[in-house]
Each structure stands twice: as C-alpha cells, then as structure tokens.
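J.: Can you keep this structure in mind? I'll have questions shortly.
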Amino acid sequence: MKSLKVRLLIAFGFLYGTALAGLGFILGQLFPVYVEDSIRSNSIRSHENILSAIEKQSIDLTADQEQVIINALPLDFGGNELADIRIRLWIMLIVTLIITFILLMVVTSRLIKNLAQPIDNVTNTALELAKGNYRARAYENVESPTIQLSNAVNVLARNLQDIMMIREMEQERLKTLIENMGSALIMIGKEGHVSIVNKVFLELFDVPHDTVYKQVFRELGLPNELEQFVDHVFMTEITYRKQMQIEIQQEFHHMEVYGAPVIGEHGHWLGIVIIMHDISELKKLEQIRKDFVANVSHELRTPITSIKGFSETLLDGAYKDQGTLLSFLEIINKESNRLQMLILDLLELSKIEKHGFTVNIERTSLKDVIVRATEMTVPRLEEKNISFEAEIEQDVVVEGDANRLIQVVMNLMTNATTYSPENTKIKVKLYEQNKSGVIEIIDEGIGIEKPEIPRIFERFYRVDRARSRNSGGTGLGLAIVKHLIEAHHGKIQVESEVGKGTTMRVILPEKQPN
C-alpha cells in the first residue's frame, strides 16, 4: 500500500506535468508565429527607413538602383532559418519546463512531507492497533499540524492497552479459579460443543484436553445419568441440582451435580455450565459414622445386657446358691472389665483423633521399645504356647514418643497373638532402611483376604468377629495404631495370605520433618 506522501506526489506530479506540457505546447506554437511576424515587421520597417533616408539625403537613384537596394533587403526568412529557430526555441522551452517541474516537485515534496508523514505514521499506528499491537504509538511533533490527531491516537492506544491488560488479568484469574476450584467443571455452548473444561474434569474422566475441547458433549462418552442431566438443563434452561452415583473407569463415584444456564449481555443465551462435586469421601465418612454408632451401640449393649441379666438373676434369688453367685459375679466382673476397656479405648481414640494431638518427641531406641512391649505380652504368648523370635540387626534410634511406640508394638503383638492358632510362632524384626527404622511383626495366623486389608484400620472392624470378641478385643486397636503412627509421620504396611499369616510393617523416620 502506497503512503499518502507518494500518492500526493504522484498526483501533483501528474498535475504539474499536464499543466507544463500544455503550456509548452501553446508556447511552442505561438513563439514561431510571433518570431516570423516580428522579423517581417522589422524587415518592412528597415526597408521604409532606408528609403526614407535616401529621400532625406537627396540621393538620386535610378529605378534600377532603387530596385537592387529593395531586393537586397529581404522581407522574409527562408524555411531552414525558421526551422533552426524553432528547434532552438523548443530545446530552450523543454529545458525550462523540466527545471520548473523539478523545482515544483521539490517544493511540493517538502510541503507534503510536513503534512503527510504524520498522517502516514498515524495510519500505520492505527493499523497496528487493529492487528492487536496495543504497544504501538504515533510520533508527537509539536510543530506538526496533526499533533491533535497523534495525541488522540496515542490516548486510544494507551486505553486499549490498559483494557487488554485488565482483560488478560481477569482471564488469568478466571483460569486459575477454574483450574483450582477442586470440582469438575464443563461449559457447553448453545450448539452442544464444549467450550470450557478444567483439569479436574479431565483427570476425573481420564481424557485429554484436545479430544474434549470444541467437541459435541454426546461424543465424549459421558455416563448416561450425566447426559440426561445435561439434557434436562438444556431443555428447562433453569438451575438444577442432583446427587447421583455414576460409574467412572469401573469405579462408582457419588457426585453432586449442579447445572445452570449461562446468560450473556442483553439476555443472550450462551449455553450451560455443569459443576460436579465428588462427595464419595463424604458418603464414605457418613457411612463410617453410621457404622460407628451402630458398632458402639452393639459393643456396649452386649456387656450391659450380660451385666443386667446376671444381676437380675441374682436379685431374683440366685445369690443364695454360693456356686451360682461366684460364677455370676465373675461373669459380671469380666463384662465390666470389657466395658471399661471399650470406654477407655474410645476415649483414647477420641483423644488421638482430636485436632492438634501431638506426641512427646525424643530420641527413642526401637530395640528398647520392642523389649518392653514383648515383656508385657509374654503372658498371652505362653497361654497359647506361641513361640517368640526377635531378629534385630542393629539398634535404630528414631525421634518419637517411647510410650506411644510401646503401645503400638503391644497392640500389634496382641493382635497377632489373637489371630494365631496355638503352637505357632511370632517373629519381630528390626532393621534400618532408607534412613527409617522398620519394625516387622510376622505371625502364622489365619491371614487376611486382600479386599479386607484396607478396612482393618477402621474402628470396630474385625476379620474374625467371634474370635476377637471372645478374646476380649474392642476392635479399636488397629485404628489407634494407625493414628499413632501417622502422628509420628510414619506409615504402616500390611502383607497377608489367608491361612499362612500376616506381616505388619511399621516404618518410622529417624528424623521428624520440620
């Protein structure tokens, strides 16, 4: 695209050229005629002057002499002479016109430059702004007649740049909010194409962004329940909330789905937005709470019922029989102890689960922990004739609470004793691995099936309910163990095979994280 300066120069050049060419043509036609007339007039005047001079001097001339003089003074030039004059005239005229044209173009170019260059600059700046380059600026020359135009364009550019920066900032905030909101979000346009989707949604359904963006939502392979929910929001164009259980990658998720229409300016309907909250953990916690209440009620009802029943029997007269009295009192004492243990374990678990629970951190020898825990569980081992073996490569010192760690090892050894048959063996190993102390308690008990392993740390969950209840267990030991190990920033691993035994592995870091 030619600049304004070039176009104006071409226009003025064509105008000047046309005017000078016409002027040159006219002058070229008039000058020869004027020259010829002038020469003829001068010749006649010279002839008359000569004759007048002869008469004044009273010179007597014969007719022949007078005719010779008249013939000697030509009244007209020849053709060759006029042609030479015309050629010289045209050359001088053309040179003059060319010089005039050049001078006019130089002067015009300077005038146009002062006027057109700022306009070209403003035009280029406007084109850059139209392309999205809001950093472009026009030159502001105080002496230029277009200074107000340049200032106006620069103000417009700065305003556009500020608006663009604010828009980019808002878009970045919105993107950050959508990506980190913790819930799956998908926005579907009025034509049914996906316009916005966040990372949580992509991870939930395990699909890449390229296969989702701008695709029709029906082609995404979403669960039928979710597609029906989207159809409902599309058809009704009102907000809708529903809890549903959907299957995603062979796993059932409890989802609270919220849908709403997206209305733009002037009431234009742009599509719908769907937000999905995964409430599977909440449902699980709610179920655990219900199970906990049911289990506590059941565990408390059993000893209370026994105590109440035997005491009523004694009051009805059974106390008169000495043997019956002692037997019933022993049962009441046993059930009271069991009730006391259950209440103490519940209080202990409640204390451990309380927010802000901490342990007394100090340098602790795991070898001493194992020795003290073993001393307190030996009587139960001897009751079932279970042999005990300790394999300690070297003592490992960790930062922890010695009393709580003894409680952990005791609970694990008691649990191993409870679920091990008579005449078997329990083995305890201590070693260091990856700057952590590792305690393994290996038994030859009944084992745990794989689906049950994740649940053994739940409160009141028992692998063999009859055996654990008969042994006096409350079903809270492993739950307490897990919370105590987590308080030490450690972890517990379980390996088990039904009929062969179970390995409980406690891993404790040697240094507590800050």
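The values are calculated or read from the model by the stated rules, or taken from the named source; none is laboratory data. The shown structure was predicted, so the numbers you read here are calculated from the model rather than taken from an experiment. A quick note on method: Cβ atoms are made from the backbone with ideal geometry, for glycine too, and the neighbour counts reach across all protein chains shown. With ligands, DNA and RNA removed, areas are computed over all heavy atoms of the protein, side chains included. Shrake-Rupley method; radii C 1.70, N 1.55, O 1.52, S 1.80 Å.
J.: Return yes when A294 is among the aliphatic types (A, V, I, L, M) and under 29 Å from V230 (Cβ atoms) and no when it is not.
T.: no
J.: Residues of region 324-349 being open to solvent by less than 50 Å² (accessible area, probe 1.4 Å) and either among the small types (G, A, S) or touching a residue at least 40 places away in the same chain (Cβ under 8 Å) (or both), which ones?
T.: If the condition is that a residue be open to solvent by less than 50 Å² (accessible area, probe 1.4 Å) and either among the small types (G, A, S) or touching a residue at least 40 places away in the same chain (Cβ under 8 Å) (or both), then S336, R338, L342, D345, L346, E348, L349 are the ones that fit.
J.: Still on this structure: Being assigned to a loop (DSSP other than H, G, I, E, B) and at pLDDT 85 or above is the filter here, so list the residues in region 490-514 that pass it.
T.: G490, V498, K500
J.: Quick one: is V155 touching a residue at least 24 places away in the same chain (Cβ under 8 Å), hydrophobic (A, V, I, L, M, F, W, C) and not in a loop (DSSP other than H, G, I, E, B)?
T.: no
J.: Do you know which residues across region 275-284 are open to solvent by 100 Å² or more (accessible area, probe 1.4 Å) and either under 15 Å from L185 (Cα atoms) or among the hydrophobic types (A, V, I, L, M, F, W, C) (or both)?
T.: Within region 275-284, L282 is the sole residue that qualifies.
J.: Can you tell me how many residues within region 183-198 are small (G, A, S), crowded, with 17+ Cβ neighbours inside 10 Å and without any contact (Cβ under 8 Å) to a residue 60 or more places away in the chain?
T.: Going through region 183-198 one residue at a time, the tally reaches 0.
J.: Also: When the residues of region 124-148 are narrowed to those that are open to solvent by 80 Å² or more (accessible area, probe 1.4 Å) and either among the acidic types (D, E) or in a helix (DSSP H, G or I) (or both), which ends up nearest to I112 (Cα to Cα)?
T.: The extreme case among them is E143.
J.: Does G271 meet the test of being farther than 16 Å from F201 by Cα, open to solvent by less than 60 Å² (accessible area, probe 1.4 Å) and not acidic (D, E)?
T.: So G271 passes the test.
J.: All but one of (1) of a type outside the set (S, T, N, Q); (2) open to solvent by 50 Å² or more (accessible area, probe 1.4 Å); (3) at pLDDT 80 or above hold for D210, so report the exception by its number.
T.: For D210, the failing item is (3).
J.: Quick check: is even one residue across region 257-268 among the β-branched types (V, I, T), surrounded by fewer than 16 Cβ atoms within 10 Å (Cβ to Cβ) and without any contact (Cβ under 8 Å) to a residue 60 or more places away in the chain?
T.: Checked against the condition, which is being among the β-branched types (V, I, T), surrounded by fewer than 16 Cβ atoms within 10 Å (Cβ to Cβ) and without any contact (Cβ under 8 Å) to a residue 60 or more places away in the chain, region 257-268 yields at least one hit.
J.: Another question about this same structure. Report yes if Q249 is open to solvent by 80 Å² or more (accessible area, probe 1.4 Å), of a type outside the set (G, A, S), under 27 Å from K283 (Cα atoms) and touching a residue at least 40 places away in the same chain (Cβ under 8 Å), otherwise no.
T.: yes
J.: On to the next question. Does Y240 satisfy the criteria of being surrounded by 11 or more Cβ atoms within 10 Å (Cβ to Cβ), among the hydroxyl-bearing types (S, T, Y) and under 23 Å from the mean Cα position of the chain (by Cα)? Please lay out each step first, then the result.
T.: Details: surrounded by 11 or more Cβ atoms within 10 Å (Cβ to Cβ): yes; among the hydroxyl-bearing types (S, T, Y): yes; under 23 Å from the mean Cα position of the chain (by Cα): no.
Answer is no for this residue.
J.: If I filter region 74-93 for residues that are at pLDDT 75 or above, β-branched (V, I, T), open to solvent by 50 Å² or more (accessible area, probe 1.4 Å) and closer than 20 Å to G24 by Cβ, do I get at least one hit?
T.: Checking region 74-93: at least one residue is at pLDDT 75 or above, β-branched (V, I, T), open to solvent by 50 Å² or more (accessible area, probe 1.4 Å) and closer than 20 Å to G24 by Cβ.
J.: Let me ask something else about it. Do any strands (runs of 3 or more DSSP E) entirely within region 360-466 hold 1 or more residues that are open to solvent by less than 50 Å² (accessible area, probe 1.4 Å), among the aliphatic types (A, V, I, L, M) and under 20 Å from K482 (Cα atoms), and if so, which?
T.: Working: elements: 362-365, 387-392, 397-400, 425-433, 436-442.
Result: 397-400, 425-433, 436-442.
J.: Shifting gears a bit: Got a sec? Which of R167, R158, R173 is over 23 Å from I272 (Cα atoms) and either basic (K, R) or touching a strand residue (DSSP E or B) at 6+ places or on another chain (Cβ under 6 Å) (or both)?
T.: Exactly one residue qualifies, and that residue is R158.
J.: Exactly one condition in (1) closer than 30 Å to I275 by Cα; (2) among the aliphatic types (A, V, I, L, M); (3) over 28 Å from the mean Cα position of the chain (by Cα) is not met by A136; state its number.
T.: (1)
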